[in-house]
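Since the structure comes first, as structure tokens, the remarks are kept for the end.
Values quoted throughout were computed directly from the atomic coordinates according to the rules given, and no laboratory measurement underlies them. Treat the numbers as computed from the prediction; the structure is a model and nothing was measured. When we count neighbours, we look across all protein chains shown, and the Cβ atoms used for this are built from the backbone with ideal geometry, even at glycine.
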Amino acid sequence: LAKRHRLTKRDPLTKVTLSTDSHTLYYAPDFPDVGDMTKVTTEEVPAWTLENDRGVRVKVMRKGGNLVELSKDGHPYIWDNTKGVIYYGVNSSTFPLTRGLYINGGVRFAAVTPEHGLYYDTLWDIEFADNEEEQSRSIILSITDSAEQRQKLNDTLSTGRYSGSDGAPMSAYPVTNLVFRFWITLRAGEDFARLRGEVINPTSSDAKGAAWMPMTFPIDEDSQIITPQVYRFKSDDWCYRDLPKVFRWDSQSELARPAQWKEMCIFYDYPQLLGGYHAVQIKPTSEGRGTAYVPLNSSTGLHFTKMWSWGKNQAPIWKDYYEPWESAFNSHFWQTFEFPKMTRHFFDLALVPIQG
């Protein structure tokens with residue numbers, strides 16, 4: 001008699017692994033307590049990790065739809081706030097929610113509005129995908145901007161620039177029913193992570209809004225922005241008042257080092273991202289490491305960068321990171337993009353750890 005053998009299903013994606021994990025969030029009770037670990041409290045939240053055969057590892061949590069870790073061979077390449085998160089800008093209408101904004105670090109997909117979007121402290125949905133042909137695994141975070149979802153925010157929405165002529169909270173950014181999807185993908189044999197920001201309009205009406213991907217990278221005093229971009233512009237008058245709206249980036253040497261900006265400010269690529277990448281040296285700069293994002297593709301054929309730094313006159317916690325943003329839809333804050341009915345728009349980028 002022929003012997004019977006039990007057939008076991010072979011996993012074709014052994015070079016990219018998915019596992020469950022946890023992530024530690026740090027909270028400070030007040031601004032003076034940031035960094036005082038006798039007062040900072042912690043919370044462990046569920047997380048998921050991908051790791052490939054090249055030693056690239058990413059970690060994702062549902063809260064805020066957040067990529068909280070990019071590491072290679074154990075070295076971190078994005079900034080994680082371990083000194084204590086605190087909401088700031090409370091009741092100021094600076095941010096979409098009146099409870100203010102907090103920055104726990106990493107990469108987010110900012111949905112609907114400027115300033116980290118409406119859902120930076122909301123639990124996003126999560127799903128997983130495998131692609132045998134590409135030898136890849138993906139974690140997909142998603143949220144739908146519905147009236148029900150906004151109700152779950154359990155907060156008064158902001159006014160100011162978020163309001164239309166009627167002055168009603170968030171009337172300049174009415175409910176869109178758009179689906180925002182944030183893809184985090186690792187492929188076998190690649191030394192970087194692939195990120196996709198995707199906006200789906202499944203409705204029979206056009207919808208206007210914003211979609212950005214803010215990132216935080218760890219820096220020190222000597223960290224330098226590395227970019228071939230020639231021109232940039234600023235749309236705000238509250239910072240660097242001596243600069244024209246459009247200027248040559250290399251004409252202001254201090255701007256190459258975000259921790260040495262004389263004041264906090266926002267700058268944008270002009271007329272769009274040119275040269276194919278945006279990078280910064282990460283701390284400690286003596287090790288020669290850096291993090292870059294490289295645009296790969298987009299449904300619009302465009303890519304834009306927003307740049308933010310707290311500058312040199314802030315407390316040390318605020319100077320720990322540099323924050324570039326990517327979008328294929330919005331060239332600057334408060335400018336909306338129309339997502340036509342029954343369409344899908346996206347942008348892809350590579351998040352690249354640069355080893356010394």
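Ignoring aspartates and glutamates fewer than eight residues from K152 along the same chain, the ones with Cα atoms less than 12 angstrom from its Cα are D121. Here the simple spin-label model places points 7 Å from the Cα toward Cβ, and for D250 and A129 these points are separated by 4.1 nm. Charge tally around H278: other residues with Cβ under 10 Å, Lys/Arg +1 each, Asp/Glu -1 each, net -2. In a fully extended conformation the segment linking L153 and R241 would gain 28.0 nm over its present Cα-Cα distance, using 0.36 nm per residue. Restricting the GluC sites (Glu not before Pro) of region 95-147 to loop positions (DSSP other than H, G, I, E, B) with no more than 15 neighbouring Cβ atoms within 10 Å leaves E132, E133, E134.
In order along region 301-306, the Karplus-derived 3J(HN,Hα) couplings, from 6.51 cos²θ - 1.76 cosθ + 1.60 at θ = phi - 60°, round to x, 10, 8, 10, 10, 9 Hz, and Gly and Pro are given as x. Per-residue 3J(HN,Hα) values for region 25-32, derived from phi via the Karplus relation 6.51 cos²θ - 1.76 cosθ + 1.60 with θ = phi - 60°, read 9, 10, 10, 9, x, 7, 4, x Hz in sequence order (x marks Gly and Pro).
Of the trypsin sites (Lys or Arg not before Pro) found in region 204-286, those that fall in a DSSP loop while having at most 15 other beta-carbon atoms within 10 Å are R241, K245, K262. For the chain, adding -39500 (n - 2.57) for each run of n ≥ 4 DSSP H residues and dividing by the number of residues yields -500 deg cm²/dmol at 222 nm. Starting from the amide H of H23, placed 1.01 Å from N in the peptide plane, find each other amide H under 5 Å away whose residue is 5 or more places distant or on another chain. Sorted by chain and number, the residues that satisfy this are V45, A47. In the calculated pair-distance distribution of the chain, the portion above 29 angstrom amounts to 40 percent of the Cα-Cα pairs. Which chymotrypsin sites (Phe, Trp or Tyr not before Pro) in region 214-271 sit in a loop by DSSP (not H, G, I, E or B) and have at most 10 other Cβ atoms within 10 Å of their own Cβ? In loop regions of region 214-271 (DSSP not H, G, I, E or B), the sparsely surrounded chymotrypsin sites (Phe, Trp or Tyr not before Pro) are W238. Each residue of region 52-63 was assigned a 3J(HN,Hα) from its phi angle through the Karplus expression (A = 6.51, B = -1.76, C = 1.60, θ = phi - 60°), giving 10, 6, 9, x, 8, 9, 10, 10, 10, 10, 6, 5 Hz with x at Gly and Pro. Take the Cα of F233, step 7 Å toward its Cβ, do the same at T336, and the gap between the two points is 2.0 nm. For K72, the aspartates and glutamates whose Cα comes closer than 16 Å to its Cα, not counting residues fewer than 8 places off in the same chain, are E51, D53, D80, E190, D191, E287. Centroid-to-centroid, using Cα positions, region 268-299 and region 141-168 are 32 Å apart. Think of the chain as having a plus end and a minus end, set by charges on the Cβ of Lys, Arg, Asp and Glu; of Y268, A168, L302, L302 sits farthest toward the positive end of this dipole. Other residues lying with their Cβ under 9 Å from the Cβ of T305 contribute a combined charge of 0, Lys and Arg counting +1, Asp and Glu -1. Quick one: net charge around D125, please, counting Lys, Arg +1 and Asp, Glu -1 for every other residue with C-beta under 10 Å from its C-beta. For residues surrounding D125, the net value is +1. Spacing of the modelled spin labels on D191 and E263, each 7 Å from Cα toward Cβ, amounts to 4.1 nm.
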